[in-house]
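Here the structure comes first, spelled out in structure tokens, and everything after it is commentary.
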Amino acid sequence: MLNFEFKNPVKIIFGKGQIVKISQEIPENAKILLLYGGGSIKSNGIYDQVMSALKGFDVTEFGGIPANPEYEVLIQALKVIKDKQITYLLAVGGGSVIDGTKFLSAAALYQGEEPWDILKNKIRTDKGMPFGTVLTLPATGSEMNSGAVITRADTQEKFGMGGPGLFPEFSILDPLVVKSVPQRQLANGITDAFTHVLEQYMTYPAQAFLQDRFAEGIMQTLIEIAPRIQQDPSDYEVAANFMWCCTMALNGLIQKGVPTDWSVHAIGHELTALFGIDHARTLAIIVPRHYRYNFEQKKEKLAQYAERIWGIQEGTVDEKAGLAITRTESFFHSLGIDTMLSQYTDDYEGTAEKIEERFTERGWLGLGEHKSIKPGDVRQIVALSY
Ligand code: NZQ
Ligand code: ZN
């Protein structure tokens with residue numbers, strides 16, 4: 001097991017009817033900016049619950065943060081923060097609204113001229129404006145981590161940011177919100193969380209027995225509940241387990257003491273930036289190609305995963321590992337997720353070369369657990385997905 005430090009300061013308030021507790025978490029004299037997305041919270045009743053919990057508080061609203069939160073839109077929210085002298089941010093939404101709020105938390109206290117530099121130059125945020133979240137969509141884990149991913153439409157870029165100053169102070173996880181989540185987003189949420197676990201597990205054996213079991217437990221639970229949540233998102237017990245799996249998949253715990261990969265995300269973000277493909281779907285496109293291409297480095301963990309997750313006991317390490325990749329792709333298909341780039345766009349020719357070029361320009365010269373995946377390898381992985 002590798003050395004590690006672990007600190008996660010997010011207060012999780014989990015369960016039915018917990019949104020009302022917002023009022024206990026935000027200072028009474030706060031000037032709050034309530035941030036939300038395209039309006040789903042207005043039709044499913046979450047907005048009303050939040051507003052009634054905030055009775056008596058000084059609240060300004062900013063809606064319209066799009067999926068893959070856009071810098072241009074967030075800059076408008078930043079202006080509101082400055083004009084109204086906001087002191088506290090409250091995100092009510094999925095990963096996009098929460099990530100947008102994290103960017104604003106950082107940008108509100110940023111001293112530099114151009115807030116995009118936080119993303120472009122990977123400036124770590126040690127202190128941000130305090131914020132809390134009400135999660136409406138289990139998927140990203142953003143509600144319990146300190147990272148964010150922001151898109152810039154004019155340059156078709158999507159960059160990550162983060163730092164210890166960007167943990168939410170609290171996150172309210174009420175599984176009742178899941179009942180209004182559309183099928184497409186349920187499939188995305190399962191796929192994203194599943195891939196988060198894979199990125200922190202599918203590397204090489206590190207003698208971290210408990211970490212492996214945590215990771216496997218999340219994957220097994222996601223596989224077990226996937227058909228049930230798709231069939232009935234209003235099943236509270238299933239929704240509760242789905243929500244907790246997604247949070248646990250990326251709150252930092254399972255990555256401690258083990259090597260991590262994250263190439264799938266790095267490549268996937270380019271597919272979202274270039275084609276607007278949903279984040280989770282880009283991962284389903286890249287996972288099988290990446291594991292086939294890097295088979296030799298990953299086959300021992302792939303074989304362990306084959307045995308423990310898919311019950312494949314027969315065959316050699318190579319055979320089990322190969323089957324595990326096939327089963328993973330079939331799992332994505334079972335959710336209704338296509339796994340080839342050509343199923344999302346006709347305009348895929350040249351994508352592999354373009355991504356290779358971008359990674360080279362940015363100096364992203366070694367991805368993966370061994371930092372050995374070069375831009376040329378990325379090109380070949382993407383080309384396999386056409
Ligand atoms: O915008 P509204 O109207 O709210 O609708 C949203 C949006 O259209 C809808 N939705 C959310 N909750 C709902 C609901 N509809 C009905 N009922 C509800 N209860 O779902 C749509 C998608 O929302 P979005 O927030 O975009 O989805 P998700 O949570 O999957 O977030 C994706 C973003 O998070 C980033 C992704 O790159 C992407 O930009 N990620 C963030 C991570 C992090 N911070 O740790 C890690 C991830 O790997 C990921 O990169
Ligand atoms: Zn993800």
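Quick look at the values:
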read-out: Pair list, Cβ < 6 Å and 6+ apart or interchain, from region 128-145 residues that are under 15 Å from I32 (Cβ atoms) to residues that are outside any strand (DSSP E or B) and near ligand 1 (Cβ under 8 Å from one of its atoms); value: T133/I98
read-out: Residue tally, condition away from ligand 1 (no atom under 16 Å from the Cβ), surrounded by fewer than 14 Cβ atoms within 10 Å (Cβ to Cβ) and farther than 24 Å from N251 by Cβ, over region 24-59; value: 6
read-out: Conditions (1) more than 11 Å from ligand 1 (Cβ to nearest atom); (2) surrounded by fewer than 24 Cβ atoms within 10 Å (Cβ to Cβ): number failed by L90; value: (2)
read-out: Helices (runs of 4 or more DSSP H) (entirely within region 257-366) containing at least 2 residues that are farther than 18 Å from T155 by Cα and not assigned by TED's automatic domain parsing to the domain that holds E157; value: 263-275, 279-293, 295-310, 317-334
read-out: Qualifying positions in region 41-86 - in a loop (DSSP other than H, G, I, E, B) and out of contact with any helix residue (DSSP H, G or I) (no Cβ under 9 Å at 6 or more places or on another chain); value: K84, Q85
read-out: M1, sole failed condition from (1) part of a strand (DSSP E or B); (2) not assigned by TED's automatic domain parsing to the domain that holds V134; value: (1)
read-out: Residue pairs meeting the criteria (Cβ under 9 Å; at least 6 apart or on separate chains; first farther than 12 Å from N145 by Cα and in contact (Cβ under 8 Å) with a residue 12 or more places away in the chain, in region 245-266; second of a type in the set (K, R) and away from ligand 2 (no atom under 12 Å from the Cβ)); value: D261/K298
read-out: Of all residues making up region 146-196, the number that are within 16 Å of E72 (Cα to Cα), basic (K, R) and within 11 Å of ligand 1 (Cβ to nearest atom); value: 1
read-out: The one condition in (1) away from ligand 2 (no atom under 15 Å from the Cβ); (2) farther than 28 Å from Q49 by Cβ that E237 fails to fulfil; value: (2)
read-out: Residue within region 285-297 that is in contact with a Ser or Thr (Cβ under 8 Å, 6 or more places away or on another chain), over 16 Å from Q380 (Cα atoms), crowded, with 21+ Cβ neighbours inside 10 Å and at pLDDT 95 or above present; value: no
read-out: Among the residues listed as Q111, Q76, Q85, the single one being more than 22 Å from C245 (Cα to Cα), assigned by TED's automatic domain parsing to the domain that holds I32, over 21 Å from the mean Cα position of the chain (by Cα) and modelled with pLDDT under 95; value: Q111
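The values are calculated or read from the model by the stated rules, or taken from the named source; none is laboratory data. Just so we're clear, the structure is a prediction, and the values are computed from it rather than from any experiment. Please note: Cβ atoms are built from the backbone with ideal geometry, for glycine as well, and neighbour counts cover all protein chains shown.
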